[in-house]
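Notes follow the structure.
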Amino acid sequence: MGAVIRFLLGLVVVFVIAWVGLWWYAEGRMQSGFTNWADQLATQGWKLSYGTLTRGTSPLTAQVSLTDLQLTPPADAQGRTGTITLPTLDERIDALNPLVLHIDLPSRIGVEIGGDVDAAVTFSGISMTEQLDPNALLKRQNPYRSGDFKASGIDILASEGSLLVLHLDGIASHFAFNPQAGAADQALTVTDELDGVAVSPLLTHLLSIPFGGRVTSFTTTLNMSGPVPAGLTGLAARLKALPLGDTAGQQKLLVPVIHDWAAAGGSGNMTLTSVIGPTTISSDAAVKFDQNLQPEGNADLTADHLDQLFAALTNAYPNFQNYVAQAEAELSAYITATDQGGQTLAMHVTYGNGAVSINGQKTAPLPPVNWTELENPPPPPAQAPGDGSGAAAGQ
């Protein structure tokens, strides 16, 4: 019996030593991760400051805590910028769930824009978690494989937090990323849900917004399959390094990545569903590529009670009458009337093999994609010296 007890005690000691080492390592990685993040923002023109950065002391939780975090994005073309202020920000990993990173955000976030706007975003509840890949952690690669963000009772407040501008009952967001995906595997999934989006009663009254200024729900999903292109790594940083408005440069960076993804068997689909007043709008779209790397796929769009929706919009905004009439005329071939759904829109689009069809009828040709031309866009036309108007060219 004594030998058994000594053996069990030995196991406990080994476990404690291993956990303390892991706890210390995890806190160090979280601290260095924040430092690396701050360095990356600095290279992109951001300014970052904070009050204190401390490590946790509980042996059951690896934690890093920040106070008075301030983020200032780079100025726009007019020299305007702003500041986002978080009183606290914590990252923690619990001993009983060591592969889940919890990011604890404050219930109030300050936003100042250009010295003129002093706003705040408040939450009655908020949580954010990220699932970690231990292999990626050991290799010092990006370890995040999935994550969830949930918030409830969100208020966007202006005038130093005294005037309600927008309220949301809830937000839920989920992502999952598989860097080892094959041609038939799902590489990325992103889902976003907004519930009870409502403009404040004051603004709803002043602007005569119909439906009480409320969007009942708004949901989007995005799924991408196929191997992750090698050029995707660092793409965001390369795009941000381009001069503002350099569309040719953006195209040169983006198109080769899309081309590689298509050549490797990439495919994708997305959906959107929204409830606005009496109307439910649903849409989806899918794309894949044939053996010649030409896109093909389909898309659907449905909406019900359009008569009630259009009537409410034109009653609130009479100047919209012409736009509504034009939309109804252009969509008339795809609108039917039912007792249950009122005016109902239904469109099924297919594209590929050089044609675009709607509800079985060919409506337009589909020109072939020339990847070489897309990957090598012509440079923008030379600009005359001076103010850019070209007036100096004739002098």
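The values are calculated or read from the model by the stated rules, or taken from the named source; none is laboratory data. Computed from a predicted model, the values in this text were never measured in an experiment. Cβ placement follows ideal geometry from the backbone for every residue including glycine, while neighbour counts extend to all protein chains displayed.
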Flag for D195 being farther than 30 Å from V356 by Cα and in contact with a Phe, Trp or Tyr (Cβ under 9 Å, 6 or more places away or on another chain): yes
Pair list, Cβ < 6 Å and 6+ apart or interchain, from segment 298-322 residues that are touching a residue at least 60 places away in the same chain (Cβ under 8 Å) to residues that are of a type in the set (S, T, N, Q): A316/S208
Residue selected from segment 38-73 under the condition within 25 Å of the chain's Cα centre (by Cα) and at pLDDT below 85, by the criterion farthest from V100 (Cα to Cα): G45
Enumeration of residues in segment 216-248 that are closer than 19 Å to F289 by Cα and hydroxyl-bearing (S, T, Y): S225
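To keep it simple, each residue is scored yes or no on (1) touching a helix residue (DSSP H, G or I) at 6+ places or on another chain (Cβ under 8 Å); (2) part of a strand (DSSP E or B); (3) in contact (Cβ under 8 Å) with a residue 24 or more places away in the chain.
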residue	(1), (2), (3)
A120	no, yes, yes
T129	no, yes, yes
L137	yes, no, yes
R140	no, no, no
R145	yes, yes, yes
G153	no, yes, yes
L157	no, yes, yes
S173	no, yes, yes
A176	no, yes, yes
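Results for (1) in contact (Cβ under 8 Å) with a residue 24 or more places away in the chain; (2) out of contact with any helix residue (DSSP H, G or I) (no Cβ under 7 Å at 6 or more places or on another chain); (3) surrounded by fewer than 15 Cβ atoms within 10 Å (Cβ to Cβ); (4) not in a strand (DSSP E or B), shown as yes or no for each residue.
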{"residue": "L164", "(1), (2), (3), (4)": "yes, yes, no, no"}
{"residue": "L168", "(1), (2), (3), (4)": "yes, yes, no, no"}
{"residue": "A183", "(1), (2), (3), (4)": "yes, yes, yes, yes"}
{"residue": "L194", "(1), (2), (3), (4)": "yes, yes, no, no"}
{"residue": "A198", "(1), (2), (3), (4)": "yes, no, no, no"}
Residue list for segment 337-377, filter: surrounded by fewer than 14 Cβ atoms within 10 Å (Cβ to Cβ), of a type outside the set (G, A, S) and over 23 Å from P295 (Cβ atoms): T338, D339, Q340
Complete set of residues in segment 269-284 that are touching a Phe, Trp or Tyr at 6+ places or on another chain (Cβ under 7 Å) and over 11 Å from V215 (Cα atoms): none
Where D76 falls short, out of the listed (1) surrounded by fewer than 17 Cβ atoms within 10 Å (Cβ to Cβ); (2) closer than 18 Å to S152 by Cα: (2)
Hits in segment 230-251 (condition: of a type outside the set (A, V, I, L, M) and touching a Leu at 6+ places or on another chain (Cβ under 9 Å)): G231, R238, G249, Q250, Q251
Residue under evaluation G212, criteria (1) touching a Ser or Thr at 6+ places or on another chain (Cβ under 7 Å); (2) surrounded by 17 or more Cβ atoms within 10 Å (Cβ to Cβ), criterion not met: (2)
Matching entry among G231, G268, G249 (being part of a strand (DSSP E or B) and not polar (S, T, N, Q)): G268
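Does T273 qualify as being part of a strand (DSSP E or B) and at negative phi? Step through it out loud before you land on a result.
Working: part of a strand (DSSP E or B): yes; at negative phi: yes.
Here the answer is yes, as T273 does meet what is asked.
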